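**Q** Got a structure here, written out as structure tokens. Questions coming.
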Amino acid sequence: MLIATAAEAKTLVVYYSYTNKCHEIVTTLTSQIEADVVRIEPAEKGLKYEANNYALGTQLLNAIKANPNDASSYPAIDPVTVNLTDYDTYIIVTPLWWSQMAAIMQTYLFHHGAEMAGKNVGLIVSSHSSGISGVVADAQRLLPNSIWMGDALWINASNHGNRSSLIENWLTTQNFPTSNDMTQKFYITIGGVTKTATLVSNSSTEALVAQLQKGNITYEAHDYSNFEKVGALGYTFPENNTQITTKPGDLILYQGSNLCIYYDTNSWNFTRIGQLDNMTQADIKTWVKAGDGNVSVMLSVSGPTGINQVKSDEIKSKAYTLSGTLAQDGQKGIIIQNGKLIIR
Ligand SMILES: Cc1cc2nc3c(=O)[nH]c(=O)nc-3n(C[C@H](O)[C@H](O)[C@H](O)COP(=O)(O)O)c2cc1C
């Protein structure tokens, strides 16, 4: 069942800039793509992060490093009024400070990373000359459940003047959602109880949905390590692995061929394909029979009507009965046509 098209999808560029290099990068970027922009500002104005051999910048980063999970480790920033739910794609543009993400940008992501879960994210890092792997690691720590659209772009002092073509090339490597991407609902049945989930958009879910359009997948799942119910699907799908810390309800593709339904947390490099809709951890544990042996799991893209997602308008316009068979001309009863229930 398709619930929304990405035609309405929007991109937000979030950036911080101390000496305006990132500002110039954002100006160039937004001459190439359509996006809204928000600039993060420190609450305390006029600070000299570079003074005394970068003493203040170093002090801010050390505080974060010592206690990365504590909000008080992060320097205060001005309030940002943008509503993140209006966007499905974010591009973060940040300076590098001592091989890490600039502290001011870390504050923003620390507070808003959860709102970017399941959303597409790209990263551009500006440094004088240092490599950016530490900044990428910070981004992954702060946005553990986002979908990385591709590798980060590094712009440094020696190629900053060339940023227009660097950005243009980088944009072609990023897996932006296209206007054909759709938010896909997906059904999971265990013990006769069907729950819905929302799939993220990537090549793994595309391949999974394509397989499910040919027929439901049923597999045996077992408990693993008190955090998931996992089983082999019998098919192998493309992987889009990133380091993820799971939360209850996450649906994870492991090694391309196993589906894990998470009821607790775990950190690993694997592919998040979606999330169960509106279920508490307790609901999930009861439903998957956590700690209670093997269960049979059925995956489907059919709604309760039993009709698989229909692709062409021609098929869609045909009338079906509730059991999913084509309705006869003049057939009475409940008919489904063009995604609507009709009582004849
Ligand atoms: C506190 C601080 C620490 C920095 N540390 C590094 C560093 O370790 N390596 C490096 O190549 N550049 C470093 N820089 C330079 C910035 O990464 C670089 O100038 C960047 O382009 C600044 O972006 P902005 O103008 O948007 O603030 C540092 C700058 C500051 C203010």
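**Q** Quick check on region 221-232. Is at least one of its residues under 17 Å from the mean Cα position of the chain (by Cα) and not basic (Lys, Arg)?
**A** Checking region 221-232: not a single residue is under 17 Å from the mean Cα position of the chain (by Cα) and not basic (Lys, Arg).
**Q** Within region 247-276, count every residue that is within 21 Å of residue 296 (Cα to Cα), touching a Lys or Arg at 6+ places or on another chain (Cβ under 7 Å) and open to solvent by 10 Å² or more (accessible area, probe 1.4 Å).
**A** Total satisfying the criteria: 0.
**Q** Given (1) more than 10 Å from the ligand (Cβ to nearest atom); (2) over 23 Å from the mean Cα position of the chain (by Cα), where does residue 87 come up short, assuming only one miss?
**A** Here residue 87 clears every test but (2).
**Q** If you check residue 137 against the conditions, is it more than 30 Å from residue 294 (Cα to Cα), within 16 Å of the ligand (Cβ to nearest atom), among the hydrophobic types (A, V, I, L, M, F, W, C) and open to solvent by 40 Å² or more (accessible area, probe 1.4 Å)?
**A** Judged against the criteria, residue 137 is a match.
**Q** Could you grab me the full set of residues in region 90-114 that are part of a strand (DSSP E or B) and within 19 Å of the chain's Cα centre (by Cα)?
**A** Scanning region 90-114 gives 90, 91, 92, 93.
**Q** Filter the strands (runs of 3 or more DSSP E) completely within region 234-344 down to those with at least 3 residues that are at pLDDT 70 or above and not assigned by TED's automatic domain parsing to the domain that holds residue 133.
**A** 242-245, 250-254, 258-262, 267-276, 295-300
**Q** Okay, moving on. Looking at (1) under 24 Å from the mean Cα position of the chain (by Cα); (2) over 27 Å from residue 247 (Cα atoms); (3) among the small types (Gly, Ala, Ser), which is the only condition residue 17 fails?
**A** Residue 17 satisfies all of (1) under 24 Å from the mean Cα position of the chain (by Cα); (2) over 27 Å from residue 247 (Cα atoms); (3) among the small types (Gly, Ala, Ser) except (1).
**Q** When you look at residue 91, is it touching a Gly at 6+ places or on another chain (Cβ under 8 Å), at negative phi and buried (at least 18 other Cβ atoms within 10 Å of the Cβ), yes or no?
**A** Working: touching a Gly at 6+ places or on another chain (Cβ under 8 Å): yes; at negative phi: yes; buried (at least 18 other Cβ atoms within 10 Å of the Cβ): yes.
Considered against the rule, which asks whether it is touching a Gly at 6+ places or on another chain (Cβ under 8 Å), at negative phi and buried (at least 18 other Cβ atoms within 10 Å of the Cβ), residue 91 comes out as yes.
**Q** Of the residues 12, 2, only one is at pLDDT below 95, in contact with a strand residue (DSSP E or B) (Cβ under 9 Å, 6 or more places away or on another chain) and away from the ligand (no atom under 13 Å from the Cβ); which?
**A** Numbers: 12 fails: at pLDDT below 95.
None of the others qualify; the one that does is 2.
**Q** Against the definition (out of contact with any Phe, Trp or Tyr (no Cβ under 6 Å at 6 or more places or on another chain), among the hydroxyl-bearing types (Ser, Thr, Tyr) and more than 9 Å from the ligand (Cβ to nearest atom)), how does residue 19 come out, yes or no?
**A** Working: out of contact with any Phe, Trp or Tyr (no Cβ under 6 Å at 6 or more places or on another chain): yes; among the hydroxyl-bearing types (Ser, Thr, Tyr): yes; more than 9 Å from the ligand (Cβ to nearest atom): no.
The answer is no for residue 19.
**Q** Here are some residues: 43, 114. Which one is among the small types (Gly, Ala, Ser), away from the ligand (no atom under 15 Å from the Cβ) and at pLDDT 95 or above?
**A** Exactly one residue qualifies, and that residue is 43.
**Q** Can I ask one more? Would you tally the residues in region 125-156 being more than 21 Å from residue 23 (Cβ to Cβ), of a type outside the set (S, T, N, Q) and assigned to a helix (DSSP H, G or I)?
**A** Residues that pass the stated criteria total 5.
**Q** Restricting to region 27-62, and then to whatever is assigned to a helix (DSSP H, G or I) and free of Cβ contacts under 8 Å to residues at least 24 places away in the same chain, can you tell me which residue is surrounded by the fewest Cβ atoms within 10 Å (Cβ to Cβ)?
**A** Keep residues of region 27-62 that are assigned to a helix (DSSP H, G or I), which gives 27-29, 51-62.
Checking the rest, the ones that are also free of Cβ contacts under 8 Å to residues at least 24 places away in the same chain come to 27, 51-53, 55-56, 59, 62.
Details: 27: 12, 51: 10, 52: 9, 53: 7, 55: 12, 56: 15, 59: 12, 62: 13.
This residue is 53.
**Q** Hey, another quick one. So, in region 140-158, how many residues would count as being among the aliphatic types (A, V, I, L, M) and within 15 Å of the ligand (Cβ to nearest atom)?
**A** Residues meeting the conditions: 4.
**Q** While we're here: Please go through region 201-244 and pick out each residue that is more than 17 Å from residue 297 (Cβ to Cβ), touching a Leu at 6+ places or on another chain (Cβ under 9 Å), open to solvent by 20 Å² or more (accessible area, probe 1.4 Å) and in contact (Cβ under 8 Å) with a residue 40 or more places away in the chain.
**A** Passing the criteria: only 240.
**Q** Quick one: would you say residue 114 is assigned by TED's automatic domain parsing to the domain that holds residue 30, within 20 Å of residue 14 (Cα to Cα), among the aliphatic types (A, V, I, L, M) and surrounded by fewer than 17 Cβ atoms within 10 Å (Cβ to Cβ)?
**A** Taking the combined requirement at face value, the residue satisfies it.
Residue-by-condition table, conditions (1) touching a residue at least 40 places away in the same chain (Cβ under 8 Å); (2) in contact with a helix residue (DSSP H, G or I) (Cβ under 6 Å, 6 or more places away or on another chain); (3) within 30 Å of residue 55 (Cα to Cα); (4) away from the ligand (no atom under 16 Å from the Cβ):
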position: 99; (1), (2), (3), (4): no, yes, yes, no
position: 172; (1), (2), (3), (4): no, no, no, yes
position: 185; (1), (2), (3), (4): yes, no, no, yes
position: 195; (1), (2), (3), (4): yes, no, no, yes
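The values are calculated or read from the model by the stated rules, or taken from the named source; none is laboratory data. Everything numeric here is computed off the predicted structure, so don't read it as measured data. Here Cβ is always computed from backbone atoms with ideal geometry, including for glycine, and neighbour counts include all displayed protein chains. All accessible areas refer to the heavy atoms of the entire protein, side chains included, with ligands and DNA or RNA removed. Shrake-Rupley method; radii C 1.70, N 1.55, O 1.52, S 1.80 Å.
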